[in-house]
Amino acid sequence: MSRRGWALGLGLIVLGLAAFLLSDLPARLLIAEDPPERVDAVVVLAGDPWYERTATAAAMVRSGEAHLLVVTGGEPGPGDSAESLRDKAIALGVPAERIRMEAVSRSTRESLLAVAPILRREGARKVALVTSPYHQRRTLLAARKALPGVALRSRPALPSAWSPRGWWREPDSRRVVFSEYGKLLYYLLSGWI
């Protein structure tokens, strides 16, 4: 191939990559969502400062879509501790006796490993995972490894302050998307997904 052909090919690759990055597709690929379905338990991952995840899961329990609510988080502070998520769920109308907690985890993977014995003890065979939309893909992939034999459903927190639409325009949204892809790569290289 001539130099001109190589330059044209490289130019097309660069344009294609730019078109991909300046579309909603990279952000949309992070989202995994299943239709509503009755589950034994719903697991809420910490990192929920606005309680979007907790509100979505609480609505599932109140509607009868989920029997049990499992909250996670071993970090201190609102939205990062299982206690704060539990308190919010109770304030949203979830009976305290239908809430279980794991309060030792400090990451997505640790949360999933820590809820495994709780789910076994409760006999939960079908579980919905509730987290932010951008966090769904990694959570689902990691849960498949950490919770073998459990039928998993993805239910992103809705409504959410984060949207995949025009993600490249906002610095915070760019940070979230690039960070999540970096974490996906780290989980893949670590053998956690």
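The values are calculated or read from the model by the stated rules, or taken from the named source; none is laboratory data. Computed from a prediction, not measured in an experiment: that's the story for all the values here. Cβ sites come from the backbone with ideal geometry, for glycine too, and all protein chains shown count toward neighbours.
Taking the range 66-107, which residues are basic (Lys, Arg) and either out of contact with any strand residue (DSSP E or B) (no Cβ under 7 Å at 6 or more places or on another chain) or surrounded by fewer than 21 Cβ atoms within 10 Å (Cβ to Cβ) (or both)?
Hits for the range 66-107 are LYS88, ARG98, ARG100, ARG106.
Considering each of LEU92, LEU140 in turn, give the residue that is of a type in the set (A, V, I, L, M, F, W, C) and within 14 Å of VAL43 (Cα to Cα).
Numbers: LEU92 fails: within 14 Å of VAL43 (Cα to Cα).
One residue alone meets the criteria, LEU140.
Give the number of residues within the range 147-193 that are in contact (Cβ under 8 Å) with a residue 40 or more places away in the chain and among the charged types (D, E, K, R).
Summing the residues that are in contact (Cβ under 8 Å) with a residue 40 or more places away in the chain and among the charged types (D, E, K, R) in the range 147-193 gives 5.
Read through the list (1) within 25 Å of GLU83 (Cα to Cα); (2) part of a helix (DSSP H, G or I), then give the number of the only condition that PRO156 fails.
All conditions pass for PRO156, except number (2).
Might you let me know whether the range 84-103 holds any residue that is under 21 Å from LEU30 (Cβ atoms), at pLDDT 95 or above and assigned to a loop (DSSP other than H, G, I, E, B)? Break it down stepwise before answering.
Here is the first cut: in the range 84-103, the residues under 21 Å from LEU30 (Cβ atoms) are none.
No: zero hits.
Hey, does the range 120-141 have a residue that's in contact with a strand residue (DSSP E or B) (Cβ under 7 Å, 6 or more places away or on another chain), part of a helix (DSSP H, G or I) and more than 22 Å from GLY182 (Cα to Cα)?
yes
Give the residues of the range 31-46 that are within 22 Å of ARG121 (Cβ to Cβ) and surrounded by fewer than 17 Cβ atoms within 10 Å (Cβ to Cβ), sorted by residue number.
Taking the range 31-46 first, the residues within 22 Å of ARG121 (Cβ to Cβ) are 38-46.
Within the range 31-46, ARG38 is the sole residue that qualifies.
Looking at LEU184, is it touching a Phe, Trp or Tyr at 6+ places or on another chain (Cβ under 9 Å), surrounded by 12 or more Cβ atoms within 10 Å (Cβ to Cβ) and either of a type outside the set (Phe, Trp, Tyr) or in a loop (DSSP other than H, G, I, E, B) (or both)?
The answer is no for LEU184.
Taking the range 135-159 as the search range and keeping residues that are within 12 Å of the chain's Cα centre (by Cα) and of a type in the set (Gly, Ala, Ser), which one is surrounded by the fewest Cβ atoms within 10 Å (Cβ to Cβ)?
Among residues in the range 135-159 that are within 12 Å of the chain's Cα centre (by Cα) and of a type in the set (Gly, Ala, Ser), the one surrounded by the fewest Cβ atoms within 10 Å (Cβ to Cβ) is SER154.
Taking the range 47-61 only, how many residues are surrounded by fewer than 24 Cβ atoms within 10 Å (Cβ to Cβ), β-branched (Val, Ile, Thr) and touching a helix residue (DSSP H, G or I) at 6+ places or on another chain (Cβ under 8 Å)?
The number of residues fulfilling the criteria is 1.
In the list ALA128, ALA124, which residue meets the criterion of being surrounded by 17 or more Cβ atoms within 10 Å (Cβ to Cβ), in contact (Cβ under 8 Å) with a residue 40 or more places away in the chain and more than 24 Å from LEU184 (Cβ to Cβ)? Talk me through it step by step, then tell me what you get.
Details: ALA128 fails: more than 24 Å from LEU184 (Cβ to Cβ).
Being surrounded by 17 or more Cβ atoms within 10 Å (Cβ to Cβ), in contact (Cβ under 8 Å) with a residue 40 or more places away in the chain and more than 24 Å from LEU184 (Cβ to Cβ) holds for just one of ALA128, ALA124, which is ALA124.
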